[in-house]
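Structure record follows, encoded as structure tokens.
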Amino acid sequence: MNILFASAEAAPFFKSGGLGDVAGALPKELVKNGVDVRVVLPFHTKMPEKHKAQLEDVLQFTVRVGWREQFCGIKQLKMDGVTYYFIDNLYYFDRPALYGFDDDGQRFAFFSQAVIEMMEKVDFVPDVLHCNDWHTALIPVLLKDKYHWIEAYSDIKTILTIHNLQFQGIYDQEVLSDWLGIGYNAYHERGLKYYDLVNFLKGGIYYSDLVTTVSPTYAAEIQTPEFGYGLDGVLRDNNWKLVGILNGIDYDVYDPQTDPTIAASFSIDDLSGKEKNKAALQKRVGLPQEPNIALIGVVSRLTEQKGMDLIEHAMAQLMERDVQVVVLGTGDPRFEDSFNYFNGQYPDKFKAVIDFDVELAQQIYAGSDIFLMPSAFEPCGLSQLNSLRYGTLPLVHETGGLIDTVIPYDATTGEGTGFSFYDFRPEVMLDIIDQALILYYDQPEQWHQLVKQAMTQDYSWHNSALQYIDYYNRLTL
């Protein structure tokens, strides 16, 4: 079976969030199961030099973006059994960041057309073309509207995975001709039409053969007005082809026994290294090295979606508890300013590092006792999976993939892998933090048992990859 995986980002080349982690890890796991997987990405020039040095120039051609003739180079790199193609165009992808530009829509309209036109030229026409988020959601539409005349593409099946419904790619009608060079054949209620605008993601939902999301609960949530971002009706209309497949994490990267970025290795059978990681983390961020105090870690974008307003509102009361808190992330200036203020107010108990630091993130997963993740909504979430892997108990809001991956502690049975709360209010979050702290301080043996239960969970990509393979097979029968 041949799969082409189209994404705007993928680790380890470049990533801004969960999409990059998924696009980096899932293809590797599919290869282990005998699938021929190729991944196509934009050639963002911010790629690390060590990977640039491995690139091979394959071919070049031009792509029409409306009335424009745009250069398209194809670069290639093979790693971990996966062939990666990179769409090269300096005008669109020589930028200081992956997204956030006024012409993002045009950039990914170019990318989508380049992906389709590339397939014959590199002699790889897949059985399934797996698209991800709005950046590539046009591909199923264009295959059936603009490129339907290419006989070699007639049997390609398409999957669209929604990693975050909040971002949809909504533009004026004029993009149909100006960026895509098409008429109004796909501009209708069961296609690209969104009120009087064009919605890339909506078109992809209708035109793809299967729609997946990154957790079962999120697949249900986005069919409701609360989480549907205006597309809940569209998703209910397509629920016959909508499934939730839980994300995993790369167990080769996130492994406390082999992770080179942490101070000491440890395992479920020998947790002594975790204490050393706690001390190293406290030292690095400038907190007192107190081994017995409960250390709460946060690694997150600093946004309301991630529940930072709950943490902000609860901070004064939280600092009255016997805890230390370390926060890592960047985001809304409001929260960056608040957390910097807390740095000054509580220097011995609170430390926020306003930065994107992969190594420090690993050290927080490894060295904290509790991982706080109070997201307002969370399609899947990867940070709670990382914290489980490192024996740091997640404390989460009950939404999306957090419901599917964190088993709340049951004091009666001793079962559980973390803590959770339902009502999205700071005082409710504080109540659950207090329950966790009581267990940490008053029942250390039960706490250690809970840590071991968390570390026995298997959220590698193995099981999820098998589910994707099953759906690939169903589509191509």
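Only the coordinates and a few stated rules stand behind these numbers; no lab work does. Not measured: the values here are computed from a predicted model. Virtual Cβ from ideal backbone geometry, glycine too; neighbours counted across all protein chains shown.
A few comments on the model shown:
- Student exercise, the chain dipole from Lys, Arg, Asp, Glu Cβ charges, in Debye to nearest 20: 880 debye
- Note on Ser177 and Ala152: the extension gain reaches 6.5 nm, defined as 0.36 nm multiplied by sequence separation minus the Cα-Cα distance.
- Site pair Gln166 and Asp57 shows an inter-label distance of 4.1 nm when each label is modelled 7 Å from Cα along Cα→Cβ.
- Phe5 long-range amide H proximity, modeled H, under 5 Å: Arg38, Val39, Val40, His130
- Long pairs among Lys202/Lys306; Lys15/Lys121; Lys157/Lys452; Lys52/Lys121; Lys283/Lys452, criterion Cα-Cα beyond 32 Å: Lys157/Lys452
- The dipole here belongs to the range 143-292: it is taken about the Cα centre, uses +1 on the Cβ of Lys and Arg and -1 on the Cβ of Asp and Glu, and is about 140 debye.
- Crossing angle, helix 426-442 versus the chain [Cα axis fit, 0-90 degrees, rounded to tens]: 50 degrees
- The range 272-455 shape via C-alpha gyration tensor axes, a/c threshold 1.5: rounded
- Net charge contributed by nearby residues that have their C-beta within less than 13 Å of Ser383 (K/R +1, D/E -1): +1
- The range 365-477 - percent relative contact order, Cα under 8 Å, separation 6 or more: 23 percent
- Extended-chain gain in nm, criterion 0.36 nm per residue less alpha-carbon gap, Arg425 and Asp123: 103.3 nm
- Local net charge near Leu165, Cβ-Cβ under 10 Å (Lys/Arg +1, Asp/Glu -1): -3
- Judged by the mean number of other Cβ atoms found within 10 Å, the most tightly packed of the peptides 105-118, 79-92, 131-144, 248-261 leads the ranking 131-144, 105-118, 79-92, 248-261.
- Sequence-distant residues sharing a close amide H with Leu328 (under 5 Å, placed H): Val298, Val299, Ser300, Val353
- Taking every C-alpha pair closer than 8 Å and separated by at least 6 residues, the mean separation divided by the residue count of the range 1-136 gives a relative contact order of 31 percent.
- Scanning residues 5 or more positions from Ala294 or on other chains, those with amide H under 5 Å from its amide H are Gln324, with H placed 1.01 Å from N in the peptide plane.
- Average Cα contact separation per residue, the chain, under 8 Å, 6 or more apart, as relative contact order %: 12 percent
- Taking each residue as 0.36 nm, the span from Asp255 to His448 lengthens on full extension beyond its C-alpha to C-alpha distance by 67.6 nm.
- Cα gyration tensor, the range 72-182 - rounded (a/c under 1.5), prolate or oblate: rounded
- Taking every DSSP beta bridge that has both ends in the chain, the antiparallel portion is near 30%.
- Here the alpha carbons of the chain define both size measures, Rg and Dmax, at 23.1, 70 Å.
- Computed from Cα atoms, the angle from the helix 358-367 axis to the main principal axis of the chain rounds to 40 degrees.
- Once the Cα atoms are used to define both axes, helix 308-318 deviates from the longest principal axis of the chain by about 0 degrees.
- Each of Glu174, Glu151 was scored by other Cβ atoms within 10 Å of its Cβ. Listed from fewest to most, they are Glu151, Glu174.
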